[in-house]
Amino acid sequence: MAMELQAQKRQVGPRSALTELRNKGKIPAVVYGTDVESEPIAIEESQFHQLVNQQGLNRVVKLNVDGKSLNVMIKDVQSDPIRNKVLHLDFSKINMNEKTDTSVSIVLEGEAEGVKDGGVLQHTMRELNIRCLPGEIPDNVTYNIEKLTVGDTVTVADLTVPNGVEILDAPESVVLTIVPPQAEPVEEETTVGEAEETDAEAGDEENGSGDAVPNKGQE
């Protein structure tokens with residue numbers, strides 16, 4: 001079930017107006033669609049974070065704008081990483097009877113045998129691009145890695161999605177690999193005899209006892 005989000009229309013104004021809006025705990029946003037004119041709105045920051053915690057960013061949201069209800073999806077999030085603050089949101093109105101493109105997280109379950117044996121898990125692909133009806137978007141795509149050993153690779157072709165969901169990524173795309181542990185460099189041990197011989201050779205070179213270079217008269 002889509003989570004509801006309350007929004008209010010706002011007037012387009014200077015940058016200072018947006019700053020004032022954010023200082024009041026609101027996020028400036030815009031909603032648009034094929035049959036909806038682009039409309040500036042504002043939502044409560046606390047309510048947005050609650051939505052993200054409950055259903056993430058890639059699910060259908062029921063947006064109530066001054067009493068008018070719209071089925072939308074979040075298309076863009078502008079944020080300030082330094083202050084960890086959301087600055088602006090884009091909502092796109094969707095048709096619940098038309099397929100839409102989105103992405104969902106790839107969640108790994110269990111601990112791989114290869115990792116227990118010292119291997120290293122390299123999870124290179126963390127989101128899967130899919131196409132389906134808005135109401136059929138899964139929370140995530142899971143894969144159990146418990147039986148994987150060192151050297152095993154999982155590709156997109158190995159993932160399973162619900163009926164009605166189409167995977168858009170190439171089947172050969174690598175999701176994860178269990179690689180062997182990196183061997184620590186081994187330092188060569190030097191025996192006492194070798195050390196004394198090396199020191200002696202170094203001393204001979206310093207004293208000029210190496211091979212003499214013949215002068216022209218001796219050539």
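The values are calculated or read from the model by the stated rules, or taken from the named source; none is laboratory data. Values in this document were obtained by computation on a predicted structure and should not be read as measured data. As a convention, Cβ positions derive from the backbone with ideal geometry for all residues, glycine included, and neighbour counts pool all protein chains shown.
Listing for the model above:
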read-out	value
Selection from segment 39-51 of residues that are under 15 Å from L87 (Cβ atoms) and not in a strand (DSSP E or B)	E45, F48, H49
Residue count, segment 122-153 (criterion: over 15 Å from the mean Cα position of the chain (by Cα) and assigned to a strand (DSSP E or B))	7
All positions within segment 1-18 that are of a type in the set (G, A, S) and either part of a loop (DSSP other than H, G, I, E, B) or more than 12 Å from E44 (Cα to Cα) (or both)	A2, G13, S16, A17
In segment 1-37, residue nearest to the chain's Cα centre (by Cα) [restricted to those that are acidic (D, E) and within 24 Å of M96 (Cα to Cα)]	E4
Residue within segment 104-111 that is assigned by TED's automatic domain parsing to the domain that holds Y143, in a strand (DSSP E or B) and not hydrophobic (A, V, I, L, M, F, W, C) present	yes
Only listed residue being farther than 20 Å from G135 by Cα, aliphatic (A, V, I, L, M) and assigned to a strand (DSSP E or B), chosen from L87, L70, L63	L87
Some residue of segment 114-130 being exposed (fewer than 12 other Cβ atoms within 10 Å of the Cβ), in contact (Cβ under 8 Å) with a residue 40 or more places away in the chain, farther than 28 Å from V61 by Cβ and out of contact with any strand residue (DSSP E or B) (no Cβ under 6 Å at 6 or more places or on another chain)	yes
Residue that is surrounded by the most Cβ atoms within 10 Å (Cβ to Cβ), among those in segment 19-38 that are free of Cβ contacts under 8 Å to residues at least 40 places away in the same chain and not in a loop (DSSP other than H, G, I, E, B)	K26
Residue check, D139 within 30 Å of R59 (Cβ to Cβ) and modelled with pLDDT under 95	yes
